Amino acid sequence: MRFQAIVARTSAVPRGMKIAGGLAILAAGIFGIRAATRSTPQPQTAANTQSYVTVESVASLSAPAGPLQVTGTVTPVDQATILAQTSGELTSLPVSIGDRVTAGQVIASFSNASQEAAVEQAQGAYDAAEVALERTAGSSAANATSAVLAALASGYSSLDDAVHTRADQLFLNPRSSDPTLAITVPDSTLVNTLVAERLALDPTLADVQTLMNASATTSVADLAARATSDVQQVLTFLNYLITAVNETPPSQATSASALAGYQTSLATARTETVAVLTGITTAKTAYDANSVSAAQAAVKQAASALAVAKAELEKTLVRAPISGLIVSLPVSLGDYVSQNGSVAIVSNPGSLYIDLSVTSADAKTLSVGNKALVNGSIPGVITFIAPALDPMTGKIEVKIGIPGDQSALTAGDVVPVSLTRTSVPSGSLAQLTIPIIAAKILPSGPAVFTVGTSSALVAHPVTLGSILGDRVVVASGLTPDMQIVTDARGLAAGQTVIVDAATTTASVAP
């Protein structure tokens with residue numbers, strides 16, 4: 001063995017030399033390790049990695065929320081008194097005293113022809129809104145976009161005439177780096193302001209080409225906002241120039257008739273500029289009326305109205321809150337029953353139900369009869385939603401019936417419950433909701449990210465409201481047509497992004 005040979009050779013060396021040789025070998029080994037460390041390639045940093053983000057409109061994200069995740073207490077009940085949620089004539093009573101019923105089973109129903117008609121009407125409105133969305137997503141939106149771009153191109157042509165043809169006659173060398181007023185204005189401050197404003201106008205008037213080139217990647221709203229800013233700049237310049245002409249006295253160099261001609265020409269230029277501003281505003285308004293975002297909002301409004309109509313229809317159905325035997329049935333077919341009037345009593349000493357509380361905002365998204373899932377696997381049904389807040393908890397009480405096997409539940413246990421929602425909260429379009437993970441908590445407060453025109457993530461401060469399960473209400477800071485990042489975790493303002501228009505996915509380069 002090689003190791004044995006080395007040991008044999010060193011055994012004949014004097015001890016002092018052995019130590020010195022050992023130190024030399026150790027030093028050489030350390031040097032070799034350091035050299036190897038220096039030559040070993042370092043692992044790539046996180047800066048070389050790429051992550052992905054999804055971008056969606058706030059209107060799209062404010063769609064009906066997913067299941068509401070809450071916790072409830074398993075509660076035993078001997079019997080339950082079933083009260084009517086509405087008033088009217090009983091048109092169906094398929095049970096009798098002594099019948100066995102299951103939790104969630106319909107045991108009676110009221111006359112509900114008007115509620116059924118309301119559901120059909122709401123369904124028709126919803127279908128019409130979806131058709132309108134499909135139509136808007138096609139030629140209508142394209143035409144509206146073309147109208148905005150045409151208004152921008154025409155508007156910049158009018159601005160060019162207002163400045164270069166009408167206003168520039170009052171300047172010497174107006175397009176140079178040193179424009180000079182051709183009239184004698186007593187106010188030197190006003191003169192300096194006019195010169196500075198004129199210097200800034202040429203880049204502004206050249207902005208039209210930049211906007212046309214950016215139309216493929218920039219939203220129509222951003223294009224219109226930028227064009228409006230340009231028009232306001234020209235309008236401010238013309239107002240200053242009109243003031244300067246009005247303050248200039250007639251002289252040998254500039255006669256009264258010449259000043260009158262300037263005033264007329266500038267008045268025409270100002271009228272042209274105001275017309276440009278009106279044209280852009282009108283085109284943008286038409287675009288908004290035909291935009292996909294507006295159509296999507298209309299669909300959500302129709303969906304919410306449909307959910308409300310279905311909830312009103314559900315109130316005409318009387319459901320058993322627990323499984324058991326009907327021991328009392330104080331009503332008969334054809335009776336008129338008032339709201340909160342007793343319909344039946346169901347008894348079951350071994351029956352269990354889930355008692356829980358939700359916020360008033362969450363309660364508006366639920367309906368009696370909606371499905372529930374208890375402890376991840378046990379099916380349930382919402383059998384009761386309190387009509388008012390509990391003064392002790394400040395929340396709405398909700399009861400979940402268990403129509404099937406209850407052997408896996410133990411009275412007193414606290415269990416997770418997933419509740420199926422019927423609708424979004426009332427006023428959801430004014431009360432926008434987003435996934436909680438779309439909000440980023442920054443040192444300055446909560447914010448969401450958008451992709452700016454410079455291909456970088458831009459933080460927008462928001463005010464957060466109530467939490468609705470895995471979503472949160474945004475009280476201020478958002479509009480329905482804003483395109484925001486749906487998952488802000490691990491991101492920071494200023495990160496550059498490349499948006500994939502086909503999948504609304506962006507590759508982030510930190």
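The values are calculated or read from the model by the stated rules, or taken from the named source; none is laboratory data. The shown structure was predicted, so the numbers you read here are calculated from the model rather than taken from an experiment. As a convention, Cβ positions derive from the backbone with ideal geometry for all residues, glycine included, and neighbour counts pool all protein chains shown.
Going residue by residue through region 350-372, is there one that turns out to be in the same structural domain as Ser328 (by TED's automatic domain parsing), surrounded by fewer than 17 Cβ atoms within 10 Å (Cβ to Cβ), within 32 Å of the chain's Cα centre (by Cα) and assigned to a strand (DSSP E or B)? First the steps, then the outcome.
Taking region 350-372 first, the residues in the same structural domain as Ser328 (by TED's automatic domain parsing) are 350-372.
When the remaining residues are screened for being surrounded by fewer than 17 Cβ atoms within 10 Å (Cβ to Cβ), the result is 350, 355, 360, 371.
From the residues that got through so far, the ones that are within 32 Å of the chain's Cα centre (by Cα) too are 360, 371.
Those still in the list that are assigned to a strand (DSSP E or B) too: 371.
For region 350-372, residues in the same structural domain as Ser328 (by TED's automatic domain parsing), surrounded by fewer than 17 Cβ atoms within 10 Å (Cβ to Cβ), within 32 Å of the chain's Cα centre (by Cα) and assigned to a strand (DSSP E or B): present.
Assess whether Arg166 counts as being assigned to a helix (DSSP H, G or I), of a type outside the set (Gly, Ala, Ser), at pLDDT 85 or above and in contact with a helix residue (DSSP H, G or I) (Cβ under 8 Å, 6 or more places away or on another chain).
Judged against the criteria, Arg166 is a match.
Any chance region 171-183 includes a residue that's in the same structural domain as Ser251 (by TED's automatic domain parsing), part of a helix (DSSP H, G or I), modelled with pLDDT of 90 or more and not acidic (Asp, Glu)?
No, because not a single residue in region 171-183 is in the same structural domain as Ser251 (by TED's automatic domain parsing), part of a helix (DSSP H, G or I), modelled with pLDDT of 90 or more and not acidic (Asp, Glu).
Considering only region 98-124, state which residues are farther than 30 Å from Leu329 by Cα, surrounded by fewer than 17 Cβ atoms within 10 Å (Cβ to Cβ) and not charged (D, E, K, R).
The answer is Gln121, Gln123, Gly124.
Residues in region 383-397 that are surrounded by 14 or more Cβ atoms within 10 Å (Cβ to Cβ), without any contact (Cβ under 8 Å) to a residue 60 or more places away in the chain and among the hydrophobic types (A, V, I, L, M, F, W, C): how many? Break it down into steps so the answer makes sense when it comes.
Our first condition is that a residue be surrounded by 14 or more Cβ atoms within 10 Å (Cβ to Cβ); within region 383-397, this holds for 383-386, 389, 395-397.
Filter again for without any contact (Cβ under 8 Å) to a residue 60 or more places away in the chain, leaving 385-386, 389, 395-397.
Of the ones still in play, those that are also among the hydrophobic types (A, V, I, L, M, F, W, C) are 385-386, 389, 396.
Count: 4.
Quick one: in region 296-324, which of the residues that are modelled with pLDDT of 90 or more and not in a helix (DSSP H, G or I) is nearest to Leu366 (Cα to Cα)?
Lys315
Here are some conditions: (1) surrounded by fewer than 19 Cβ atoms within 10 Å (Cβ to Cβ); (2) within 48 Å of the chain's Cα centre (by Cα). Thr254 meets all but one. Which one does it not meet?
Unmet condition: (2).
In region 234-269, what count of residues is obtained for those that are out of contact with any helix residue (DSSP H, G or I) (no Cβ under 9 Å at 6 or more places or on another chain) and touching a residue at least 60 places away in the same chain (Cβ under 8 Å)?
2
Filter region 454-467 for residues that are surrounded by 14 or more Cβ atoms within 10 Å (Cβ to Cβ), more than 14 Å from the chain's Cα centre (by Cα) and either over 12 Å from Leu491 (Cβ atoms) or among the β-branched types (Val, Ile, Thr) (or both) and give the result.
Ser455, Val458, Ser466, Ile467
So which of Ala439, Ala430 ends up being modelled with pLDDT of 90 or more and either under 26 Å from Ser219 (Cα atoms) or surrounded by fewer than 19 Cβ atoms within 10 Å (Cβ to Cβ) (or both)?
Details: Ala430 fails: modelled with pLDDT of 90 or more.
Just one listed residue meets the conditions, Ala439.
Could you list all residues from region 60-108 that are within 39 Å of the chain's Cα centre (by Cα) and part of a strand (DSSP E or B)?
Of everything in region 60-108, those that are within 39 Å of the chain's Cα centre (by Cα) and part of a strand (DSSP E or B) turn out to be Leu68, Gln69, Val70, Thr71, Gly72, Thr73, Val74, Thr75, Val106.
Specify the residue that is farthest from Pro67 (Cα to Cα); the eligible residues are those in region 462-486 that are touching a residue at least 40 places away in the same chain (Cβ under 8 Å) and among the hydroxyl-bearing types (Ser, Thr, Tyr).
That would be Thr479.
Pick out the one residue from Val331, Val358 that is closer than 26 Å to Gly465 by Cα, modelled with pLDDT of 90 or more and either aliphatic (A, V, I, L, M) or in contact with a helix residue (DSSP H, G or I) (Cβ under 7 Å, 6 or more places away or on another chain) (or both). Reasoning before the result, please.
On the way: Val331 fails: closer than 26 Å to Gly465 by Cα.
Step by step, each of Val331, Val358 is checked, and only Val358 is closer than 26 Å to Gly465 by Cα, modelled with pLDDT of 90 or more and either aliphatic (A, V, I, L, M) or in contact with a helix residue (DSSP H, G or I) (Cβ under 7 Å, 6 or more places away or on another chain) (or both).
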